[in-house]
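What follows is a set of notes on a single structure, which appears directly below.
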């Protein structure tokens, strides 16, 4: 299991790809980055949403080939949904980090 800090880093890197790369490349790289995440790294509901979206994205690839072969509307849809999931993921894990730090402060 990766730590909440590491998982937040994955999410931030995926968001960076969505923002800085061209649309097809950014979506492809963001999904690839999050592909190394593990189930116990976030809330179960967020994980299920990620798995559902990742499956849809992979199915679209099988039907169309590469990310650049998806339509702009499809890519925007995947980018928007992924960004929403990533922000929820970060918020959830940031709460874990804050709790861990509060416990450490009490112990010190």
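From the list 72, 80, the lone residue that is in contact (Cβ under 8 Å) with a residue 24 or more places away in the chain and surrounded by fewer than 18 Cβ atoms within 10 Å (Cβ to Cβ) is 72. Considering the stretch 13-24, and only residues there that are assigned to a helix (DSSP H, G or I) and surrounded by fewer than 14 Cβ atoms within 10 Å (Cβ to Cβ), the residue that is nearest to the chain's Cα centre (by Cα) turns out to be 19. Considering the stretch 65-75, the residues that are in a helix (DSSP H, G or I) and under 14 Å from residue 31 (Cβ atoms) include one that is modelled with the lowest pLDDT, namely 67. Within the stretch 34-45, is even one residue more than 13 Å from residue 83 (Cα to Cα), surrounded by 15 or more Cβ atoms within 10 Å (Cβ to Cβ) and modelled with pLDDT of 95 or more? No. Out of all the residues in the stretch 46-53, is one or more touching a residue at least 12 places away in the same chain (Cβ under 8 Å), surrounded by 13 or more Cβ atoms within 10 Å (Cβ to Cβ) and not in a helix (DSSP H, G or I)? No: the stretch 46-53 contains no residue that is touching a residue at least 12 places away in the same chain (Cβ under 8 Å), surrounded by 13 or more Cβ atoms within 10 Å (Cβ to Cβ) and not in a helix (DSSP H, G or I).
The values are calculated or read from the model by the stated rules, or taken from the named source; none is laboratory data. Since the structure is predicted, the reported quantities are computational estimates derived from the model, not experimental observations. With ideal geometry, Cβ positions are generated from the backbone for all residues, glycine too; neighbour counts draw on all protein chains shown.
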